[in-house]
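*Asks:* Here it is, the structure, as structure tokens.
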Amino acid sequence: MAYVISDECISCGACQSECPADAISEGKDKYAIDPGKCTDCGTCAGTCPVSAPGPQ
Ligand code: SF4
Ligand code: SF4
């Protein structure tokens with residue numbers, strides 16, 4: 001299981017540098033989480049101003 005970023009994402013980029021697994025990258029319409037790298041730590045959810053990342 002991995003965290004996923006919902007369509008609420010405003011592409012602010014705040015979560016990317018906070019991810020300890022380097023699992024977050026900028027996508028076309030929003031940021032995205034690589035499910036193969038995500039360790040479900042939840043740091044991105046705590047960083048995001050619009051609560052876009054969440055457990056799948
Ligand atoms: Fe990175 Fe943790 Fe968010 Fe997964 S839950 S994308 S490991 S910050
Ligand atoms: Fe998107 Fe939230 Fe990450 Fe900003 S912190 S890029 S709004 S998921």
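The values are calculated or read from the model by the stated rules, or taken from the named source; none is laboratory data. Since the model is a prediction, treat every value here as computed from it, not as a measurement. All Cβ positions, glycine included, derive from the backbone under ideal geometry; neighbour counts span all protein chains shown.
*Asks:* Within segment 10-28, identify whether any single residue is of a type in the set (Lys, Arg) and at pLDDT 95 or above, and answer yes or no.
*Replies:* No: zero hits.
Per-residue answers, yes or no, for (1) of a type in the set (Lys, Arg); (2) surrounded by 13 or more Cβ atoms within 10 Å (Cβ to Cβ):
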{"position": "1", "(1), (2)": "no, no"}
{"position": "5", "(1), (2)": "no, yes"}
{"position": "12", "(1), (2)": "no, yes"}
{"position": "16", "(1), (2)": "no, yes"}
{"position": "21", "(1), (2)": "no, yes"}
{"position": "28", "(1), (2)": "yes, no"}
{"position": "33", "(1), (2)": "no, yes"}
{"position": "45", "(1), (2)": "no, yes"}
{"position": "50", "(1), (2)": "no, no"}
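One line per residue, one yes/no per condition, for (1) over 8 Å from the mean Cα position of the chain (by Cα); (2) of a type in the set (D, E, K, R):
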| residue | (1), (2) |
| --- | --- |
| 21 | yes, no |
| 28 | yes, yes |
| 33 | no, no |
| 52 | no, no |
